[in-house]
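Undergrad: Below you will find the structure I want to go over with you.
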Amino acid sequence: MIAGTASWSFTQDDFTAITESLKRFLGETRASCALLVDRSGQLVTTVGEAPGLDTTTFASLTAADYSANDQLAKLVGENDFSSLFHQDSRTTVGLVRLRMKDEVEELTLLIDRVFSRGRNSAAAGGHLLEGADEEIDKLFNW
């Protein structure tokens with residue numbers, strides 16, 4: 001899925017759905033915090049308690065960690081390492097991994113909805129301006 005940054009945006013309903021999904025995830029795993037970070041290191045949202053954690057720096061380092069692990073996967077012949085986990089003293093990696101698959105599927109649906117809406121808006125906007133060049137030319141050529 002390719003979407004330009006100008007072609008989509010999160011609405012309040014999108015953020016609410018993502019936040020509620022992550023809150024459920026935290027409740028099911030007993031983890032203290034969940035950060036949703038894009039591959040470039042931009043922090044999308046934080047849910048839960050991140051005591052003493054600079055979430056912006058953490059998000060940037062997470063992206064670098066993901067990129068490094070992606071390259072490590074390629075070196076050992078894998079397409080990618082699909083997830084990265086860091087253990088929280090309140091939960092276990094096993095429990096997080098168990099619940100992560102469902103969470104990733106739900107977040108993927110929510111984010112795909114945002115991108116789909118952006119693609120549909122961009123397509124509709126293209127029709128709106130169709131023929132505008134000809135009309136402008138007519139104005140200057142009469």
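Undergrad: Could you check the spin-label model distance between N120 and E78? Points 7 Å from the Cα along Cα→Cβ, value in nm.
TA: Label at N120, label at E78, 3.7 nm between them.
Undergrad: With label points built 7 Å along Cα→Cβ from the Cα atoms of L61 and T45, find their separation and express it in nm.
TA: 2.5
Undergrad: In whole Hz, what ³J(HN,Hα) sequence does the stretch 45-55 give by Karplus (6.51, -1.76, 1.60; θ = phi - 60°), x for Gly and Pro?
TA: So the Karplus estimates, Gly and Pro as x, are 7, 10, 10, x, 9, 10, x, x, 9, 7, 5 Hz.
Rule-based calculations on the coordinates, nothing more; no lab input. Quick caveat: nothing in here was measured; it's all calculated off a predicted structure. Backbone-built Cβ (ideal geometry, glycine too); neighbour counts: all protein chains shown.
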